[in-house]
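K.L.:
Can you read through this structure? Questions will come right after.
The values are calculated or read from the model by the stated rules, or taken from the named source; none is laboratory data. Just so it is clear, the model here is predicted, and its values are computed rather than measured. In this analysis, Cβ positions are derived from the backbone assuming ideal geometry, glycine residues included, and neighbour counts consider all displayed protein chains.
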Amino acid sequence: MAAGKKHSRSDGDDTRRVKKAKIANGDAPATGDEVAAKPKKDKKQRDEKRARKEAKSNKSKDKEPAEESDADMTEAVETAAPDATAESDSEPKAEKQEKKDKKGKKDKKDKKEKKDKKEKKPKTSDDSAPESAPEKDNGSVAATSATAVHRTGATYRYKQGAALDALSDAEIKTFLDEKEINISEPAATGLRPILNFSQIPASKLLSKKPFASFTTPTPIQSASWPFALSGRDVIGIAETGSGKTLAFSLPCIEALNSSPKPKSTRGARARAVIVSPTRELAMQTHAAISVLAELVGLSAVCLYGGASKDEQRALLRRNSGADIIVATPGRLKDFLSEGDVSLADVMFAVLDEADRMLDKGFEDDIKQILGACPAREKRQTLMFTATWPTSVRGLAESFMVDPIKVTIGKRTFGGGDDNGAGSGTVELQANSRIEQKVEVVDPRGKEQRLLELLRDAQKGSAKNDRILVFCLYKKEATRVEQFLDRRGIPVVSIHGDLRQDQRTRSLEAFKSGSTSVLVATDVAARGLDIPEVKLVINLTFPLTIEDYVHRIGRTGRAGKKGKAITLFTEHDKAHSGSLVNVLKGANQEVPEDLLKFGTTVKKKAHDSYGTFFKDVDMSKKGTKITFD
Ligand SMILES: Nc1ncnc2c1ncn2[C@@H]1O[C@H](COP(=O)(O)OP(=O)(O)OP(=O)(O)O)[C@@H](O)[C@H]1O
């Protein structure tokens, strides 16, 4: 099959993927006993003095060099060992039992309150919602000016304003329907979406007019802010480029700004932690949240691999406990284990690109990082992404308390064969402002076709239009960059074989427009907000359909239009069904040539693998494919 061929390529990545498969299969260096023994030990230690002991227990764990741990999405997998016994939020047993009892009582109380509320709630057409979303609240949002209290101890109080209270249910329902907002709210608080910036409660931050350059909140901001500002856990799923960064940044700053700073101690004691899958995304998020943080005198530090630890350590010291840490998992784990950072005071934790962070490649890191934070009942946890595969949902909820799920877009459509096998419904949606073209091509002609597409797209006045070309492998990216360079195309690249300073330089050259073509691996697929990317070309199809949605999402951002062209070959036929669904879901043309490969959505061959897994037929002999 296609995967077999890809893995037989002679670009060096093949062996790594096989190695990854082995590791994720339980063929990891650490034995099961070793892995199992650690959490128990950690628990005991934390029982005595959780915060300090956490750093110590981490110290005893095997340490990976940061330069490898988050250099690239593929590299991250290599370092991931299975740890099925690890707990998401390990705490002492007695404390756990006490919490369980308390939670039991609280649950009973909540249930009663919920029941009372439901009875009071006016019935609307949406009350007949499908069973899959029994608590869906669209259109039945009772006006309330209730003041929500944070369980984390933040003194910020979200009070729904009079202007929002004054709106009729019908107006709210129209807004929710028009913006395709779906809110699944177990606690039925009845909080209404924030329709415009003036409806956000006044605060020191708001007095500085941080949103002056925007006209209205985006749907994900409108719908998630009331809950996140109220201290609730939120899962936010919205299309690429729809302002999710601000959706979690505003509540983060408000929560921190209303809480006393912990007394200065040795090591930086962060109060918010935001975890990102790639260095560039961590830097971008850090830059974005720093704009808000500085307005109210809070500090944010970015920790990522491939750069000097000493410099980052110095930044942490200078800020004597950065309020906010934005980090890639590998480097953050290093700092935790070395005792340079403590997450024991974290009241606000965010997983950006959450499905990627919960994927097998990062799962253990995330367990360790969230395990170093206070228990989920004592922190607020937010997860945001554009794609939310079912495989990560259970794990996500294990890190959260009754999360509110805010989904933007019509995300349910059928698929699979006529017998209903192989798919069912999918909740995957590409940004509908992106025109998606798929060309089925002979694999041998791909690079020539790329050249034609680039020349065509950069004709005349479009000469400097920014175009992002995605490859699957690092070596492939290097080769394609050289191929284009030799043909006079101004090009730079970004992938895991480059040093961090080279990666940064490439991205800067592309962002500034000094070089109009960027060749990238999936290290640039998620989150990067590069202005005016006119076209995304998928030279080689990604490993998962989710990655496809993220890749093309580098264009058509913040309400703009964009275009994506995918060169699809017989090697990618396993993805034809899911690609057809994504195209249909975004009202895009489905080429006949693509349909020939079939429309059945293949179930993932192996549940243990995430975005980077591709089935490898170990019995097959490699076919040497020659490029160029
Ligand atoms: N309310 C708003 N109005 C207009 N533009 C906005 C608004 N909020 C954020 N933006 C802008 O939209 C762009 C995309 O935002 P952001 O990077 O947060 O998207 P995202 O949803 O996180 O995308 P991705 O899924 O790719 O990570 C940014 O340039 C941001 O400044």
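K.L.:
State whether one or more residues within the range 307-321 are in a loop (DSSP other than H, G, I, E, B) and within 20 Å of the chain's Cα centre (by Cα).
P.N.:
No; the residues of the range 307-321 include none that is in a loop (DSSP other than H, G, I, E, B) and within 20 Å of the chain's Cα centre (by Cα).
K.L.:
Residues in the range 226-236: is at least one farther than 22 Å from residue 155 by Cα, of a type outside the set (Phe, Trp, Tyr) and in contact (Cβ under 8 Å) with a residue 12 or more places away in the chain?
P.N.:
yes
K.L.:
Something else about it: Of the conditions (1) out of contact with any strand residue (DSSP E or B) (no Cβ under 8 Å at 6 or more places or on another chain); (2) more than 21 Å from residue 409 (Cβ to Cβ); (3) of a type outside the set (S, T, N, Q); (4) away from the ligand (no atom under 16 Å from the Cβ), residue 210 clears all except one; give me its number.
P.N.:
(4)
K.L.:
Pairs, please: C-beta under 9 Å, at least 6 apart or cross-chain, first residue within 15 Å of residue 322 (Cα to Cα) and in the range 278-292, second more than 12 Å from the ligand (Cβ to nearest atom) and among the charged types (D, E, K, R)?
P.N.:
Close Cβ pairs satisfying both conditions: 292/208.
K.L.:
I've got another one for you. Residue under question is residue 301, and the condition is that it be more than 16 Å from the ligand (Cβ to nearest atom), among the β-branched types (Val, Ile, Thr) and either part of a loop (DSSP other than H, G, I, E, B) or within 24 Å of residue 494 (Cα to Cα) (or both); does it hold?
P.N.:
yes
K.L.:
Among the listed residues 309, 333, identify the single one that is crowded, with 23+ Cβ neighbours inside 10 Å, at pLDDT 95 or above and of a type in the set (Lys, Arg).
P.N.:
333
K.L.:
Still on this structure: Counting residues that are out of contact with any Leu (no Cβ under 9 Å at 6 or more places or on another chain), which helices (runs of 4 or more DSSP H) fully inside the range 171-269 reach at least 3?
P.N.:
Of the helices (runs of 4 or more DSSP H) lying wholly inside the range 171-269, none has at least 3 residues that are out of contact with any Leu (no Cβ under 9 Å at 6 or more places or on another chain).
K.L.:
Here's something else I'd like to know. Report, ordered by the first and then the second residue, all pairs with beta carbons closer than 9 Å, sequence separation of six or more or different chains, a first member in the range 242-266 that is closer than 14 Å to residue 352 by Cβ and among the β-branched types (Val, Ile, Thr), and a second member that is modelled with pLDDT of 80 or more and within 16 Å of the ligand (Cβ to nearest atom).
P.N.:
245/284; 245/285; 245/288; 245/289; 245/352; 245/384; 245/527; 245/529
K.L.:
Can you tell which of 290, 342 is away from the ligand (no atom under 16 Å from the Cβ) and either surrounded by 18 or more Cβ atoms within 10 Å (Cβ to Cβ) or among the aliphatic types (A, V, I, L, M) (or both)?
P.N.:
So the residue among 290, 342 that is away from the ligand (no atom under 16 Å from the Cβ) and either surrounded by 18 or more Cβ atoms within 10 Å (Cβ to Cβ) or among the aliphatic types (A, V, I, L, M) (or both) is 342.
K.L.:
So which residues in the range 357-387 are assigned to a loop (DSSP other than H, G, I, E, B), crowded, with 24+ Cβ neighbours inside 10 Å and in contact with a helix residue (DSSP H, G or I) (Cβ under 8 Å, 6 or more places away or on another chain), if there are any at all?
P.N.:
Selection gives 358, 359, 372, 386, 387.
K.L.:
Looking at (1) closer than 17 Å to residue 161 by Cβ; (2) within 16 Å of the ligand (Cβ to nearest atom); (3) not acidic (Asp, Glu), which is the one condition that is false for residue 201?
P.N.:
Every listed condition holds for residue 201 apart from (2).
K.L.:
Still on this model: Of everything in the range 464-499, what is touching a residue at least 24 places away in the same chain (Cβ under 8 Å), surrounded by fewer than 19 Cβ atoms within 10 Å (Cβ to Cβ) and under 25 Å from residue 532 (Cβ atoms)? Give them in sequence order.
P.N.:
Scanning the range 464-499 gives 464, 465, 483, 487, 490.
K.L.:
For the subset of the range 456-499 comprising residues that are within 24 Å of the chain's Cα centre (by Cα) and of a type in the set (Phe, Trp, Tyr), which member is nearest to residue 517 (Cα to Cα)?
P.N.:
In this case the residue turns out to be 470.
K.L.:
While we're here: In the range 472-505, what count of residues is obtained for those that are farther than 22 Å from residue 566 by Cα and out of contact with any His (no Cβ under 9 Å at 6 or more places or on another chain)?
P.N.:
11
K.L.:
Quick one: in the range 312-330, of everything that is in contact (Cβ under 8 Å) with a residue 60 or more places away in the chain and over 21 Å from residue 499 (Cα atoms), which residue is surrounded by the fewest Cβ atoms within 10 Å (Cβ to Cβ)?
P.N.:
Checked the range 312-330; the qualifying residue surrounded by the fewest Cβ atoms within 10 Å (Cβ to Cβ) is 321.
K.L.:
Now for a separate question. Restricting attention to the range 548-559, does a residue exist that is farther than 24 Å from residue 277 by Cβ, touching a Gly at 6+ places or on another chain (Cβ under 9 Å) and in a loop (DSSP other than H, G, I, E, B)?
P.N.:
Taking every residue of the range 548-559 in turn, at least one turns out to be farther than 24 Å from residue 277 by Cβ, touching a Gly at 6+ places or on another chain (Cβ under 9 Å) and in a loop (DSSP other than H, G, I, E, B).
K.L.:
Considering only residues that are surrounded by 24 or more Cβ atoms within 10 Å (Cβ to Cβ) and near the ligand (Cβ under 8 Å from one of its atoms), look in the range 218-240 and name the one that is nearest to residue 531 (Cα to Cα).
P.N.:
Filtering first and then ranking leaves 240.
K.L.:
Looking only at the range 525-547, count every residue that is more than 12 Å from the ligand (Cβ to nearest atom), in contact with a Lys or Arg (Cβ under 7 Å, 6 or more places away or on another chain) and assigned to a loop (DSSP other than H, G, I, E, B) and tell me the total.
P.N.:
The number of residues fulfilling the criteria is 3.
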